[in-house]
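Visitor: Below is a structure I'd like to ask you about.
The values are calculated or read from the model by the stated rules, or taken from the named source; none is laboratory data. Because the structure is predicted, anything quoted here is derived from the model rather than measured. Positions of Cβ are backbone-derived with ideal geometry, glycine not excepted, and every protein chain shown enters the neighbour counts. Heads up: the accessible areas ignore ligands, DNA and RNA and are worked out on the full protein's heavy atoms, side chains in. Shrake-Rupley method; radii C 1.70, N 1.55, O 1.52, S 1.80 Å.
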Amino acid sequence: MRSFDGAWPPYGTDSYFDAYQAARQQRLDDETIAAITSPTLVTDPDGEQFWPGQSQALFDRLACDKEIVRFTADEGADWHCEVAGQAVRDERVFNWLETVLS
């Protein structure tokens, strides 16, 4: 087992259990989402196994400039964090950043 090397940002904990418990407390409520004013990119992979449907739900609730980018199994870029299609994800994210920041 890998050792836990001190506080785990952003949670400031010193154990996996405490970090997990802190992460469980995070919520994107209406007030928090309404406070997001910067351009936002939301990724939405096929087969999201942890939070299915939440990418679209977040996108629908955002009032800022926003874009949703879908990732498909056909591209090999499905599942949480597009783990099997990192190059596809990176290309789309960096292209979006180039557009927004230029």
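Visitor: What are the ³J(HN,Hα) couplings of region 71-85, residue after residue, when phi is run through the Karplus curve with 6.51, -1.76, 1.60 and θ = phi - 60°? Round to Hz, x for glycine and proline.
Guide: Here the 3J(HN,Hα) series is 10, 10, 5, 4, 7, x, 10, 8, 6, 3, 6, 6, 4, 8, x Hz.
Visitor: Enumerate the amide H contacts of LYS66 below 5 Å, restricted to partners 5 or more residues apart or on another chain; note that Pro and chain-start residues carry no placed amide H.
Guide: Here the answer is THR40, since their amide H atoms fall under 5 Å of that of LYS66.
Visitor: May I ask you to evaluate 6.51 cos²θ - 1.76 cosθ + 1.60, the Karplus curve with θ = phi - 60°, for each residue of region 50-66 and list the ³J(HN,Hα) values in order in whole Hz, giving x for glycine and proline?
Guide: Couplings: 9, 9, x, x, 6, 4, 5, 4, 5, 3, 4, 8, 6, 9, 7, 4, 8 Hz.
Visitor: What shape does region 31-97 have by the C-alpha gyration tensor, where a ≥ b ≥ c are the square roots of the eigenvalues, rounded means a/c under 1.5, and otherwise prolate means a/b greater than b/c and oblate the rest?
Guide: In terms of gyration-tensor shape, oblate.
Visitor: Amide H neighbours of PHE71 under 5 Å, counting only residues 5+ apart in sequence or on other chains, H built in-plane at 1.01 Å?
Guide: For PHE71, the qualifying residues are ASP44, ASP46.
Visitor: Moving to a separate point now. Could you go through region 37-43 in sequence order and give the Karplus-derived ³J(HN,Hα) for each residue, using 6.51 cos²θ - 1.76 cosθ + 1.60 with θ = phi - 60°, rounded to whole Hz, and x for Gly and Pro?
Guide: 10, 7, x, 10, 9, 10, 9
Visitor: Something else now. Around VAL100, under 11 Å between beta carbons, what's the net of Lys plus Arg minus Asp minus Glu among the other residues?
Guide: -2
Visitor: Just from its helices, what would the mean residue ellipticity at 222 nm be for the chain, if runs of 4 or more DSSP H residues each count -39500 (n - 2.57) and the sum is divided by every residue, rounded to the nearest 500 deg cm²/dmol?
Guide: Only helices count here, giving -10500 deg cm²/dmol.
Visitor: In whole percent, and with a 1.4 Å probe on the protein chains, what portion of the accessible area of region 25-93 is carbon and sulfur?
Guide: Solvent-exposed carbon and sulfur of region 25-93 make up 51 percent of the total.
Visitor: How much accessible area per residue does region 53-92 have, in Å², with a 1.4 Å probe?
Guide: For region 53-92, the per-residue accessible area is 62 Å².
Visitor: Using Cα pairs closer than 8 Å and at least 6 residues apart in sequence, work out the relative contact order for the chain, in percent.
Guide: Taking the mean separation of contacting Cα pairs over the length of the chain, I get 21 percent.
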